[in-house]
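Contents: one structure, followed by commentary.
The values are calculated or read from the model by the stated rules, or taken from the named source; none is laboratory data. Keep in mind that this is a model prediction, so the values were computed, not measured. Positions of Cβ are backbone-derived with ideal geometry, glycine not excepted, and every protein chain shown enters the neighbour counts.
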Amino acid sequence: MKDSLISPEALVAKINDSDSRSNNLMIYNFKESDSTRGEERKRDDVGMVNAFINELTNGVSDVDVTSNDIFKVLRVGKSTLDHPRPLKVVTSSASKVKNVLKNKANIKNSGRFSTVRHNKIC
C-alpha cells in the first residue's frame, strides 16, 4: 500500500514535467538536410519548421504563431538512411501548440508538406 503513495515533491515534479511537455510539438516525415555541418542542418530544420507553420496558418487570422514562438528545434533519435528522424519543436506555450494543431487540416491540401504528420507530446 505504501508503494501507491507519491511524495509531494514527486507530484510537483510530475506536474512540472507535464506542463513543460505541453509546449512541445512532434513533426514527422520532414526531409533531413544533406549538409555535413551540424549548424547548417539545424538552420535548415528551423527554416523548414517556420515554412511549415506559415503554410499551416496561411490565411487564418486567429492564429498567432510566429518564428519568435519557436524556442528550440531538434531531431530525435538515431539517424538512418531509411527514413528521416522526427523533429521536436519546443514552443513558448501550450496555446501555440493548440493553434498549430487546430489548423492541421490545412496541411493536407499543401503540395509541399502533404506527407508531413504532427502531434502534441503528452
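Please enumerate the residues belonging to the stretch 1-28 that are surrounded by 10 or more Cβ atoms within 10 Å (Cβ to Cβ) and either modelled with pLDDT of 85 or more or among the hydroxyl-bearing types (Ser, Thr, Tyr) (or both).
Within the stretch 1-28, 18, 20, 22, 23, 24, 25, 26, 27, 28 meet the criteria.
Checking the condition of a type in the set (Gly, Ala, Ser), at pLDDT 80 or above and over 15 Å from the mean Cα position of the chain (by Cα), which residue from 38, 47 passes?
On the way: 47 fails: over 15 Å from the mean Cα position of the chain (by Cα).
Of 38, 47, the one residue that is of a type in the set (Gly, Ala, Ser), at pLDDT 80 or above and over 15 Å from the mean Cα position of the chain (by Cα) is 38.
Would you be able to tell me the number of residues in the stretch 20-60 that are assigned to a helix (DSSP H, G or I), under 18 Å from residue 98 (Cβ atoms) and touching a residue at least 40 places away in the same chain (Cβ under 8 Å)? Quick ask: steps written out before the conclusion?
Start the filter on the stretch 20-60 by keeping residues that are assigned to a helix (DSSP H, G or I), which leaves 20-21, 38-57.
Checking which are under 18 Å from residue 98 (Cβ atoms) leaves us with 20-21, 49, 52-57.
Keeping just the survivors that are touching a residue at least 40 places away in the same chain (Cβ under 8 Å) gives 21, 49, 52-53, 55-57.
Result for the stretch 20-60: 7.
Could you tell me whether the stretch 65-78 includes any residue that is closer than 25 Å to residue 21 by Cβ, at pLDDT below 80, touching a helix residue (DSSP H, G or I) at 6+ places or on another chain (Cβ under 9 Å) and surrounded by fewer than 17 Cβ atoms within 10 Å (Cβ to Cβ)? Spell out the reasoning first.
In the first step, residues of the stretch 65-78 are kept if they are closer than 25 Å to residue 21 by Cβ; the result is 65-78.
If we keep only those that are at pLDDT below 80 as well, we get 65-67.
Remaining after also requiring touching a helix residue (DSSP H, G or I) at 6+ places or on another chain (Cβ under 9 Å): 65-67.
From what is left, the residues that are surrounded by fewer than 17 Cβ atoms within 10 Å (Cβ to Cβ) are 66-67.
Yes, the conditions are met somewhere in the stretch 65-78.
Going by the conditions given, is residue 96 within 12 Å of the chain's Cα centre (by Cα), surrounded by 15 or more Cβ atoms within 10 Å (Cβ to Cβ) and modelled with pLDDT under 70?
On the way: within 12 Å of the chain's Cα centre (by Cα): yes; surrounded by 15 or more Cβ atoms within 10 Å (Cβ to Cβ): yes; modelled with pLDDT under 70: no.
Against the criterion (within 12 Å of the chain's Cα centre (by Cα), surrounded by 15 or more Cβ atoms within 10 Å (Cβ to Cβ) and modelled with pLDDT under 70), residue 96 does not qualify.
Quick check on the stretch 8-37: of everything there that is touching a Lys or Arg at 6+ places or on another chain (Cβ under 8 Å) and hydroxyl-bearing (Ser, Thr, Tyr), which residue is farthest from residue 69 (Cα to Cα)? Let's see the steps before the verdict.
From the stretch 8-37, those touching a Lys or Arg at 6+ places or on another chain (Cβ under 8 Å) are 22-29, 32-33, 35; that's our starting set.
After this cut, where a residue has to be hydroxyl-bearing (Ser, Thr, Tyr) as well, the list is 22, 28, 33, 35.
On the way: 22: 14, 28: 20, 33: 23, 35: 26 Å.
Checked the stretch 8-37; the qualifying residue farthest from residue 69 (Cα to Cα) is 35.
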